[in-house]
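Report on the following structure.
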Amino acid sequence: MIRISDIKMGLDDTESDLKKKVLKRLGVNSVKSFEISKKSIDARKKPEIYYVYSVDVAVDNEKRLAQKIKNAQIVEKKPYVFPKGNPINKPIVIVGTGPAGLMCGLTLAQNGYKVILLERGKRVDDRKKDVEAFWEAGFLNPESNVQFGEGGAGTFSDGKLTTGIKDFRIRKVLEEFYAHGAPKEILYYSKPHVGTDNLYKMVASIRNEIIRLGGEVRFSNKLTNIKTSDGKICAAVAENENGSYEIETDNIVLAIGHSARDTFEMLYKRNIAMEQKSFSVGARIEHSQEMINKSQYGKLYKKLPAADYKMAVHLENGRGAYTFCMCPGGQVVASASEDGGVVTNGMSYFARDGKNANSALLVNVTPEDFKTSDPLAGMYFQREIEQRAFEMCGKNYDAPCQRVGDFLKIPNDGKNNVEPTYKPDVVWTNFDEIFPRFVTDSMREAIIKMDNKLKGFADSGAVITGPETRSSSPVRLVRDKKFMQSNIKGLYPCGEGAGYAGGIMSAAVDGIKVAERIAVNNK
């Protein structure tokens, strides 16, 4: 096929207009096939804003046409091929049904392997009811919440599918997500997202496909131990409402997510190799979505989708601060998974039509901040912040909140005050009483510097709600680079919780990589 890139189209142009422009550029009346391969917005020279496309077309005389057309090249699309491996007699146990666990399980099942997925939380429909009860009334179910349950923590998010990794498996992930209910635009949009409402449907569809292929998905079944023999995995020990039981297996995939703290502690006691890693903490900052749109797009903002942003700054104290998981038209959500702690996250639906925009504003934390060699020190650091917020806000899962003006100690006239979206409720307080001082000092400097990049970011009427402590795992489960196993043969740390991914796409890709490695290691 010929891929033609850098095709600029007006904001009111249609896909039919795009096709006409491509035919004209090719000098032909028709093509065998026409497919958009990439779409993005170029708003660098406001008020001149364009959609920029790349398209793939199949046509006669491709090589000759590609040579004479500017920004054209021949591309060959290759299907994903799973490596050959030997049959595995015992079921492969996959712990967790987030992106890593689901894609690992789906890929193995598609290639004839028997899989059993263990999920400590509930299936997505029941999980959704528990989460909504928590948001409305503060009733926390420690096993069914924003962190635990079918789909993992990403189910209640913006569903961003952007990633910094480059891997041929990304296309397989996107195609599987589309096949299971994601909008088609994720296949070509430069900043694809699916929204929480589509994620509900997608994860349930993938689960049903795994079952159709002969796999099992066991909800409310929690991994409580692993058994070994001669340095190799021989069984997984799980627990459900009927008690404890064993699954005889030679392979366990630990796609446990970044909040499975009790599982981290169990693995540490079992001498599974792990180490401290850097992560970040901070809070959610909320602005008017209209303000963000105007700042990013200028006068044409009403013709464009809800604007997003992504910023990073280097601070005078040597740390870095950045925005993370920006949710256009979204809301800040209660995301605790432990009794006695407050945690926030961001979420938005596919339409992104809420009044507010929110993003995590995070400051990096390194192992040097812990003053101990305990591999779980970062986890305890997170928990201390969460528990302090819980104590300060009435012990009912209300979250601490502060005006940016008060946080920065600048005047606020009240004209542009943003109403916080967090439920159950917020308590107006001082963030210096919750975080270590290096965190709040870094956040203040970051807000001012980011305002130079995005006008209005430091608006005194914006609000910050926190704490945001679960942006990534505070621990890495060490695995061999070649065989992707831990110090126990047959134990495969996987995804974000194990310290090898940072978002839906990279976690899903890691799940596929682990599936491949299990097959290859058993040849």
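Over region 267-315, the hull volume per residue, using the convex hull of the C-alpha atoms, is 155 Å³. Between region 173-242 and region 388-439, the alpha-carbon centres lie 36 Å apart. Estimated from the Cβ-Cβ distance and a Förster radius of 60 angstrom, the FRET efficiency linking V75 and K409 is about 0.65. Within the shell of other residues whose beta carbon sits under 10 angstrom from the beta carbon of A58, the net charge comes to -3, with Lys and Arg scored +1 and Asp and Glu -1. Nearest 0.05, what FRET efficiency do S33 and I211 give at R0 = 35 Å with Cβ-Cβ as r? After rounding to 0.05, the efficiency reads 0.55. Computed over neighbours whose Cβ is under 13 Å from that of G215, the net charge equals +1, Lys and Arg +1, Asp and Glu -1. Under the rule a/c < 1.5 gives rounded, and otherwise a/b versus b/c splits prolate from oblate, where does the chain land using the Cα gyration tensor? In terms of gyration-tensor shape, oblate.
In region 108-148, the convex hull through the Cα atoms has an average projected area of 3.4 nm², a quarter of its surface area. Using 0.36 nm per residue and subtracting the Cα-Cα separation, the extra length available between K63 and D167 on full extension is 34.8 nm.
Where Lys and Arg each count +1 and Asp and Glu each count -1, what net charge lies around K84 among other residues with Cβ under 15 Å from its Cβ?
+1
The simple Förster model, with R0 at 30 Å and r as the Cβ-Cβ distance, assigns F139 and S278 a FRET efficiency of 0.30. Annotation: the antiparallel percentage among DSSP beta bridges lying fully within the chain is about 80. Candidates V52, N412, F34 compared by Cα position along the dipole of the chain: farthest toward the positive end lies F34, with charges placed on Cβ.
Summarising the label geometry, the points placed 7 Å from Cα in the beta-carbon direction at K46 and D230 lie 6.8 nm from one another. Karplus-derived 3J(HN,Hα) values for region 247-257, using 6.51 cos²θ - 1.76 cosθ + 1.60 with θ = phi - 60°, are 10, 6, 7, 9, 9, 10, 9, 9, 9, 8, x Hz; glycine and proline are entered as x. Ordering S442, S373 by accessible surface, largest first, gives S373, S442; the 1.4 Å probe counts only protein heavy atoms, with every chain in place. Peptide packing for 500-506, 278-284 was compared via the average number of neighbouring C-beta atoms within 10 Å per residue; ordered from the highest value, the list is 278-284, 500-506. Taking the protein heavy atoms of the chain in the context of the full set of protein chains, the accessible area attributed to carbon and sulfur is 47 percent at 1.4 Å. Note on N240 and D353: their simple-model spin labels are 4.0 nm apart, each label 7 Å out from Cα toward Cβ. The alpha-carbon atoms of region 212-273, seen along their principal axes, cover 35, 28, 23 angstrom, with the largest extent given first. Per residue, the Cα convex hull of region 167-236 amounts to 161 Å³. Student exercise: in region 146-281, how many lysine pairs 8 or more apart or on different chains have Cα atoms under 22 Å apart? Step by step, the pairs that qualify in region 146-281 add up to 16.
Out of every Cα-Cα pair that region 6-94 contains, those further apart than 17 angstrom amount to 61 percent.
Cα centroid distance between region 445-523 and region 44-105, in Å? Going from one Cα centre to the other spans 22 Å. For region 349-502, lysine pairs separated by 8 or more sequence positions, or belonging to different chains, with Cα-Cα distances below 30 Å total 23. Under 19 Å of direct C-alpha separation, and excluding same-chain neighbours fewer than eight residues apart, K20 reaches these aspartates and glutamates: D6, D12, E35, D56, D60, E62.
The values are calculated or read from the model by the stated rules, or taken from the named source; none is laboratory data. It should be emphasised that the depicted structure is a prediction, and the values quoted were computed from it without experimental measurement. For neighbour counting, all protein chains shown are included, and Cβ atoms are generated from backbone atoms with ideal geometry for every residue, glycine included. Surface areas here come from the heavy atoms of the whole protein model, side chains and all, with no ligands, DNA or RNA. Shrake-Rupley method; radii C 1.70, N 1.55, O 1.52, S 1.80 Å.
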